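What follows is a single structure, written as structure tokens, with notes after it.
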Amino acid sequence: MKDEYLVFTGRPNSGKSSIIRAITGLDVASGKRPGTTRRISEYSLSRGLTLVDMPGYGRMTGASRSTEDRTKDEVLEFLESNAGRIALAVHVLDIFTFREVTRRLERKGLISVDVEMILFLGELLEEGPIVAANKVDKADQVEREEALAELKVLIGGESILFFNRIFPVSARTGEGLGELKSAIHGRLVEKGFRTPFKLWVGS
Ligand SMILES: Nc1nc2c(ncn2[C@@H]2O[C@H](COP(=O)(O)OP(=O)(O)O)[C@@H](O)[C@H]2O)c(=O)[nH]1
Ligand SMILES: [Mg+2]
């Protein structure tokens, strides 16, 4: 039997590597420059379970358009062809970049990469992704509530998440990571994985 996957998606620089590290204790690759991780990286997590760190894509990363398109194709192709093996997906976004980008794109009638990915995963998999709304440390309480409310509306009032939820977190301060970690762990245990990762290491 092939392993099942715990998949992490997210734009470059959203804090995906930081979150994976904090949650699983895995020493995942990360670079100073955004978009350094261009490969789909797999890490053995526990019996029967492999973590997949998807490369990010989305404009404003300094990468050329053709590289962006190629990365996007690879990511979507991987997700589609492995849909049956994906036990759980976690989408990481930078809540403030998300907000800024979404507003700019909305004016042009376009949809942001974050919204697109969350909806895509919701349709592809039996359950929508867990969403980690990262970098909440970057603004005050009011801005943060506004940004979270906007996110919920944009992904369809959370109906796409169904089983799962949006977790406001900060990989920098550690805020919310415990809740995110137990939610991922709990969902995997419900799906039959025993001790997917140690619950209380590394944070
Ligand atoms: N302010 C703030 N910065 C963060 C947070 N999480 C990650 N970062 C920073 O964002 C940058 C990108 O993080 P990284 O984990 O490499 O993102 P990835 O490209 O999505 O894997 C790094 O400089 C991190 O230190 C956070 O919660 N708050
Ligand atoms: Mg990374």
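The values are calculated or read from the model by the stated rules, or taken from the named source; none is laboratory data. What you are looking at is a predicted structure, and each value in this text was computed from that prediction instead of being measured. Heads up, the Cβs are rebuilt from the backbone with ideal geometry, glycines too, and the neighbour counts pull from every protein chain shown.
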Test Glu179 against the stated conditions and say whether it is on the phi < 0 side of the Ramachandran plot, modelled with pLDDT of 95 or more and among the acidic types (Asp, Glu). yes
From the residues in region 78-127 that are of a type in the set (Val, Ile, Thr) and assigned to a helix (DSSP H, G or I), which one is nearest to the chain's Cα centre (by Cα)? Ile118
Of the residues in region 128-159, those that are part of a loop (DSSP other than H, G, I, E, B) and surrounded by fewer than 18 Cβ atoms within 10 Å (Cβ to Cβ) number 6
Counting only residues that are closer than 18 Å to Ala149 by Cβ and surrounded by 15 or more Cβ atoms within 10 Å (Cβ to Cβ), how many does region 106-116 have? 3
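Condition check ((1) within 29 Å of Leu177 (Cβ to Cβ); (2) among the small types (Gly, Ala, Ser)) across all residues:
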position	(1), (2)
Leu45	yes, no
Leu49	yes, no
Gly56	yes, yes
Ser81	no, yes
Leu93	yes, no
Is region 11-22 home to any residue that is more than 12 Å from ligand 2 (Cβ to nearest atom) and either at pLDDT 90 or above or small (Gly, Ala, Ser) (or both)? yes
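One line per residue, one yes/no per condition, for (1) at pLDDT 90 or above; (2) β-branched (Val, Ile, Thr):
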site	(1), (2)
Glu80	yes, no
Asp94	yes, no
Val101	no, yes
Leu110	no, no
Glu126	no, no
Leu161	no, no
Ala171	yes, no
Leu188	yes, no
